[in-house]
Amino acid sequence: MPVTKTQRAFQICIAAITWFAVILQFYLQIVNRTTEVGEAIIRFFSYFTILTNILVAVCFTSLLLQKKKEGFFHKPGVLTAVTVYIFIVGMVYNLVLRSQWNPQGWQLVADNLLHTVTPLLALVYWFIYASTGNIGLQQLSTWLLYPLFYLVYVLIRGSFSNFYPYFFIDVSKLGYAKAFINALYVTGCFLLVSLLLTWLGNRKKV
């Protein structure tokens, strides 16, 4: 089934907004850095928010370049997993992290695009257009590999650099026990959102 003009416009919108937000945040990270450029770049790519927004940007750029509903990102499990990841980004930020600081100017723009606008647009696109039939519960364990690898990376690098992107996994202040407990809470959120989208996806059978 060919992609409609409205769907194509939606893909352009999400890809453009997300790439703009990531590039803007990268610029702000470099301009406002408190470390050397190399370390600032590494820290930029150490945020789950940034990695996941890049994943969304790549996903919708790929969908945009495809003329038919086929390819890796059109697979029900793949697009649903990407939606779960970016939804978690928005949920955790707006419920837990937003109160931790008060961005202004362009930082506020980047902040809202990365954590609110892109997650909402991706979720709406998924609900309207994504092919979601036949998503099996066994896929959920595969979806968890990305956040699991991310957590392992952050903890290993943090043990050397003493830099942790998020306060709730800051081992230097919380200790490993508390950090792992917090990580389990976030994992629980991943599972709940994954189950919800799987249930909704299998009901709509697009």
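The values are calculated or read from the model by the stated rules, or taken from the named source; none is laboratory data. Please read all numbers here as calculations on a predicted model, not as lab measurements. Note: ideal-geometry Cβ built from the backbone for every residue, glycine included; neighbour counts use all protein chains shown. Just so you know, the surface numbers come from the protein's heavy atoms only, side chains and all, with ligands and any DNA or RNA stripped out. Shrake-Rupley method; radii C 1.70, N 1.55, O 1.52, S 1.80 Å.
Enumerate by residue number the trypsin sites (Lys or Arg not before Pro) in the range 1-100 meeting two conditions: DSSP loop (anything except H, G, I, E, B), and at most 12 other Cβ atoms within 10 Å of the site's Cβ.
Of the trypsin sites (Lys or Arg not before Pro), the ones in loops of the range 1-100 whose Cβ has at most 12 other Cβ atoms within 10 Å are K67.
Using protein chains only and a probe of 1.4 angstrom, how many square angstrom of Y47 are accessible, to the nearest 10?
60
Going by accessible area, probe 1.4 Å, with all protein chains left in place, what is the ranking of F45, F127, largest first?
Numbers: F45 90, F127 120 Å².
Output order, biggest surface exposure first: F127, F45.
At 7 Å along Cα-to-Cβ for each site, give me the label-to-label distance between Q66 and Y176 in nm.
Taking the two extended label points, one gets 4.1 nm.
Considering only I50, G90, T142, whose Cα is most displaced toward the positive end of the charge dipole of the chain, charges sitting on Cβ of Lys, Arg (+1) and Asp, Glu (-1)?
Of the listed residues, the answer is T142.
Okay, helix-only estimate at 222 nm for the chain: each DSSP H run of n ≥ 4 adds -39500 (n - 2.57), divide by all residues, round to 500 deg cm²/dmol; what do you get?
Numbers: 9 runs with 146 residues, N = 206.
So the helix-based figure for the chain works out to -23500 deg cm²/dmol.
Please give the Cα centre distance for the range 142-206 versus the range 31-51, rounded to the nearest Å.
20
Determine one quarter of the surface area of the Cα convex hull of the chain, which equals its mean projected area, and express it in nm² to one decimal.
For the Cα atoms of the chain, the hull's average projected area reads 11.8 nm².
If you take the beta carbon distance between L192 and V37 as r and set R0 to 30 Å, what does 1/(1 + (r/R0)^6) give as a FRET efficiency, to the nearest 0.05?
Here the calculated transfer efficiency is 0.15.
How do Y185, Y129 rank by accessible surface area computed with a 1.4 Å probe, from largest to smallest?
Heavy-atom accessible area, descending, gives Y185, Y129.
Helix check for the chain. Which DSSP H runs span at least 20 Å along their own axis by Cα, with a mean Kyte-Doolittle hydropathy no less than -1.0?
Details: long enough: 5-31 (39 Å, 1.13); 48-65 (25 Å, 2.22); 76-92 (24 Å, 2.07); 145-161 (23 Å, 1.28); 171-204 (45 Å, 0.89).
Span-like helices in the chain: 5-31, 48-65, 76-92, 145-161, 171-204.
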